[in-house]
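Asks: I'd like to ask you about the structure that follows.
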Amino acid sequence: MILFIEGPRACGKTYLINEFLEVCNDPNVEYYKFYFADHIKTLSLTGLDKTPSLHYFSLGNIMTIMEMNLRPEYVDKIWVFDRAIISAYTWAILRGRLTKEVADAEYRALLKSDLFRNCKTLMVTTDTQTKDTSRKKDIFDGAHSTLEEQNIMGSFIQLGLPFLASTDRNNGLGIVINQFDNPSINSFNQECQRLLGELPNK
């Protein structure tokens, strides 16, 4: 199973994931994040930012995890995936890597494919953003507003709703509003538990 955690930059998403992992005691749960911006710097790919190349660099990684999710030897594995499909297509639009029409068509095709099964999606939204000055910055921080990113992500949620929430495929969808307080942490943890089923807590 995959739990895709989506949300705009500075919404506190990774902090919430870490809080969930602190209380989750299931050995099958595995956190995964593709450090996209770091890899771009390492490989000196910044000149390709506004081309489709970087979109497919990101998408190939996501599809690899989705393929692993279908393999019988990983039937009990639960991948908690920090930023994935919706983020990839949102940033493809924001950075001009794809037109909205192409992004919409690709996104729907991926969700309709056999790869998108046993997948849960949890969207973190916010009406503010973290003031955490210790947060690690990267080349895309500040490039677009939290609200701008959040609005495009919302449009992808609506577009993909029949597949994101398809019980026939054992998919599921949740949304949490992060107010950067303990109730928000509790809400996030409860949504993770609901989407993944009852997992043991520490």
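The values are calculated or read from the model by the stated rules, or taken from the named source; none is laboratory data. Note that the structure is a prediction, hence the values are computed from the model and not measured. Cβ coordinates were reconstructed from backbone atoms using ideal geometry, including for glycine residues, and neighbour counts include every protein chain displayed.
Asks: Check whether at least one residue in region 61-72 is free of Cβ contacts under 8 Å to residues at least 12 places away in the same chain, exposed (fewer than 13 other Cβ atoms within 10 Å of the Cβ), hydroxyl-bearing (Ser, Thr, Tyr) and over 21 Å from Leu111 (Cβ atoms), and report yes or no.
Replies: Within region 61-72, not a single residue is free of Cβ contacts under 8 Å to residues at least 12 places away in the same chain, exposed (fewer than 13 other Cβ atoms within 10 Å of the Cβ), hydroxyl-bearing (Ser, Thr, Tyr) and over 21 Å from Leu111 (Cβ atoms).
Asks: For region 76-129: of the residues being polar (S, T, N, Q) and part of a loop (DSSP other than H, G, I, E, B), which is surrounded by the most Cβ atoms within 10 Å (Cβ to Cβ)?
Replies: Among those residues, the one meeting the criterion is Thr126.
Asks: If Leu43 meets every condition in (1) of a type outside the set (Gly, Ala, Ser); (2) surrounded by 13 or more Cβ atoms within 10 Å (Cβ to Cβ); (3) modelled with pLDDT of 95 or more apart from one, which number is that one?
Replies: So Leu43 meets the others, but not (2).
Asks: Now for a separate question. Please tell me if Phe4 is farther than 19 Å from Ile152 by Cα and within 17 Å of the chain's Cα centre (by Cα).
Replies: It is false that Phe4 is farther than 19 Å from Ile152 by Cα and within 17 Å of the chain's Cα centre (by Cα).
Asks: Of the residues in region 22-60, how many are touching a Lys or Arg at 6+ places or on another chain (Cβ under 9 Å), closer than 30 Å to Leu199 by Cβ and of a type in the set (A, V, I, L, M)?
Replies: The total comes to 2.
Asks: List every residue pair whose Cβ atoms lie under 8 Å apart, where the two residues are 6 or more positions apart in sequence or sit on different chains, the first residue falls within region 75-89 and is within 14 Å of Phe116 (Cβ to Cβ), and the second residue, located anywhere, is part of a loop (DSSP other than H, G, I, E, B).
Replies: Trp79/Met1; Phe81/Lys33; Tyr89/Leu98
Asks: Return the pairs, sorted by first residue and then second, in which the second residue is surrounded by fewer than 17 Cβ atoms within 10 Å (Cβ to Cβ) and of a type in the set (Ser, Thr, Tyr), the first residue lies in region 157-183 and is farther than 23 Å from Ala103 by Cα, the beta carbons are less than 9 Å apart, and the residues are 6+ apart or on different chains.
Replies: Asn178/Thr128; Gln179/Thr128; Phe180/Thr128
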